[in-house]
Amino acid sequence: MSILRRLQPIGLPPAPPPATVPAETPPAPSAVPPDLPEAGPPRVAARPVPPPAPPVPRTAERPVRWDLVLQVIRKLAGDAEADVGHEGPAALLESVRRALDEVLAETGQVLSRHERDDLVRRCVHEISGYGPLQPLLDDDEVSEIMVNGPEQVWIERQGHLQRTPAAFRDQEHLLQTIQKIVSPLGRRIDESSPMVDARLPDGSRVNAVIPPLAVHGAALTIRKFSRNPLGIDDLVARGTLVPEMAMLLRASVAARLNVVVSGGTGSGKTTTLNVLSSFIGEDERVVTIEDAAELRLQQPHVVSLESRPANAEGRGRVSIRDLVINALRMRPDRIVVGEVRGGEALDMLQAMNTGHDGSLTTAHANSPRELLYRLETMVLMAGADLPSRAIREQIASAVDLIVQQSRLRDGSRRITHITEVVGMEGETVSLQDIFVFEQQGMEEHQRVKGRFRSTGVVPSFLPRLEAQGQRLPTDLFWSPGGSES
Ligand SMILES: Nc1ncnc2c1ncn2[C@@H]1O[C@H](COP(=O)(O)OP(=O)(O)OP(=O)(O)O)[C@@H](O)[C@H]1O
Ligand SMILES: [Mg+2]
């Protein structure tokens, strides 16, 4: 009954909101045939990214009968015998059907079979799910859901942002749905604390901001937790990188190089970090540190730590930095930090420089060079009173490899650079690209055309890889070829 209580409408809406349909979208077309490689190493074979799914039609659909949805919920809430909210899915469906039939009979209304099924589904989603978001949460092709006020629900599907016909009844309905997400976690969202991070029971990451901070109505963002995390073969198949790059990354992680994955928001940093982590040996003790546990390591010996925000009284915060410092006392073979954003960068660099090699992390930057500036700024945020040159030296000796990732205009994610941090040259940290993605314009279906290319530079850490038993084919680096993508 408690779920229903939370769903109790504040009042019936005066008129149905604008046209909406259940969020059903046509299946995406299958992938187009692979590209032909240009002259270059035959092993390089980037697969294409599927073309964009057609947009959801938003035309003349029937208005949602929220009035009926609310009457059904009220009827069920008032039914002393029904244990709605606690019964199984089949029993709930039956109760909702019965209640809807009663409401229709009482009010003398007739609905088509399609309308009736649609209403039953909406009622079930209201009672046992997250209302209009539920079909999107159930759709595995949807990777992100973004709600901008009650009438705008956007999704990312196969890398493409699109608006859906889904909508909430009104602002109150949207706020109730947000409350439903955050309250089981003991979090609260209201005018005095209008911003919250939370997670759905399946692990999906949720952020909500409500008025007055969100000016045009509550904003809700859900990064869905993929049921099947991508592996290295998936990244190659999606054209994120080519097999040569995968070989280098596998050998580098196995040989305990320190790697930073750099990229913009949503560029796939965490996904790539998870893939890199899969190259860590089974016999190593790994400590992972994140704000919200997203990594899914398959190794048997993993300790996952999660930071914690301050409670309502402003106490009890445990930061990523606290956890990094603590992790060093846990005898880790590897430390994997979901993302460095602040002072923890200093502790991470120090760890990398003091025997915790093979550490992996991500950071927000748009190029390998910018990543160096960002790291420098983050070290300053730690309050360390170090001269610039000393910080740069720390960075240069700690970080071995930068994997730069981008979300391109067509929604595809590419590793645009694999770059070695070579050392210091005067006051500057010197970098050399080993693999790059060269964009060559756009082609049909708004797909980005480009190719991955080795630069001809042989990484100076090659002897380190070999000393660790990681032999790479000698032609991996000097080939002038590339592959279309
Ligand atoms: N290589 C890839 N190809 C296609 N889609 C990808 C790829 N990597 C990640 N994605 C998708 O992109 C979305 C963002 O991925 P991810 O969480 O890894 O990005 P991020 O850079 O860590 O984001 P944030 O900046 O929010 O932490 C996810 O929905 C994921 O499924
Ligand atoms: Mg991330």
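Before moving on, here are some points about what is shown:
- Taken over the range 264-303, the criterion of being near ligand 1 (Cβ under 8 Å from one of its atoms), in a loop (DSSP other than H, G, I, E, B) and out of contact with any helix residue (DSSP H, G or I) (no Cβ under 6 Å at 6 or more places or on another chain) is satisfied by Gly264, Thr265, Gly266, Ser267, Gly268.
- Checking each residue in the range 279-290 for being surrounded by fewer than 17 Cβ atoms within 10 Å (Cβ to Cβ) and either within 16 Å of ligand 2 (Cβ to nearest atom) or closer than 28 Å to Leu408 by Cβ (or both) picks out no residue at all.
- Lone unmet requirement of (1) under 19 Å from Arg308 (Cβ atoms); (2) free of Cβ contacts under 8 Å to residues at least 60 places away in the same chain for Leu200: (2)
- Contact map, the range 58-73: first residue over 20 Å from Gln152 (Cα atoms), second residue surrounded by fewer than 21 Cβ atoms within 10 Å (Cβ to Cβ) and at pLDDT 80 or above, Cβ cut-off under 6 Å, separation 6 or more or different chains; pairs are Gln71/Val103; Val72/Val103.
- Any hit, the range 326-333, residues being surrounded by 15 or more Cβ atoms within 10 Å (Cβ to Cβ), part of a strand (DSSP E or B) and over 22 Å from the mean Cα position of the chain (by Cα): no
- Subset of the range 406-416 that is under 19 Å from Leu161 (Cα atoms) and part of a strand (DSSP E or B) - its residue that is farthest from ligand 1 (Cβ to nearest atom): Ser406
- Test: Ile210 is among the aliphatic types (A, V, I, L, M), over 16 Å from Arg413 (Cβ atoms) and crowded, with 17+ Cβ neighbours inside 10 Å: yes
- Every residue from the range 217-240 that is more than 12 Å from the chain's Cα centre (by Cα), within 16 Å of ligand 2 (Cβ to nearest atom) and not hydrophobic (A, V, I, L, M, F, W, C): Thr240
- Filter result (in a helix (DSSP H, G or I), within 16 Å of ligand 1 (Cβ to nearest atom) and either hydroxyl-bearing (Ser, Thr, Tyr) or buried (at least 23 other Cβ atoms within 10 Å of the Cβ) (or both)) within the range 346-378: Pro368, Leu371
- Filtered by the rule that a residue be among the polar types (S, T, N, Q) and out of contact with any Ser or Thr (no Cβ under 9 Å at 6 or more places or on another chain), the range 359-402 gives Ser359, Thr361, Thr377, Ser388, Gln394, Ser397.
For (1) in a strand (DSSP E or B); (2) touching a Lys or Arg at 6+ places or on another chain (Cβ under 7 Å), each residue gets a yes or a no:
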| position | (1), (2) |
| --- | --- |
| Ile402 | yes, no |
| Ile418 | yes, no |
| Glu438 | yes, yes |
| His445 | no, no |
| Arg451 | yes, no |
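- Selection from the range 241-263 of residues that are near ligand 1 (Cβ under 9 Å from one of its atoms) and either assigned to a loop (DSSP other than H, G, I, E, B) or surrounded by fewer than 24 Cβ atoms within 10 Å (Cβ to Cβ) (or both): Leu241
- Residue within the range 221-240 that is surrounded by fewer than 24 Cβ atoms within 10 Å (Cβ to Cβ) and in a strand (DSSP E or B) present: yes
- Count of residues meeting criterion [crowded, with 17+ Cβ neighbours inside 10 Å and among the acidic types (Asp, Glu)] in the range 404-447: 3
- Residue match in the range 220-238 (condition: away from ligand 1 (no atom under 15 Å from the Cβ) and closer than 27 Å to Ala345 by Cα): no
- Any pair with Cβ under 8 angstrom, 6 or more apart, that starts in the range 126-139 at a residue that is more than 19 Å from Glu151 (Cα to Cα) and ends at one that is assigned to a loop (DSSP other than H, G, I, E, B): Ile127/Val84; Ile127/Gly85; Ser128/Gly85; Asp139/Ala23; Asp139/Thr25
- Of residues in the range 250-275 being hydroxyl-bearing (Ser, Thr, Tyr) and out of contact with any Phe, Trp or Tyr (no Cβ under 8 Å at 6 or more places or on another chain), the one farthest from ligand 2 (Cβ to nearest atom): Ser262
The values are calculated or read from the model by the stated rules, or taken from the named source; none is laboratory data. Quick caveat: nothing in here was measured; it's all calculated off a predicted structure. No Cβ is skipped: glycine too gets one built from the backbone with ideal geometry, and neighbour counts run over all protein chains shown.
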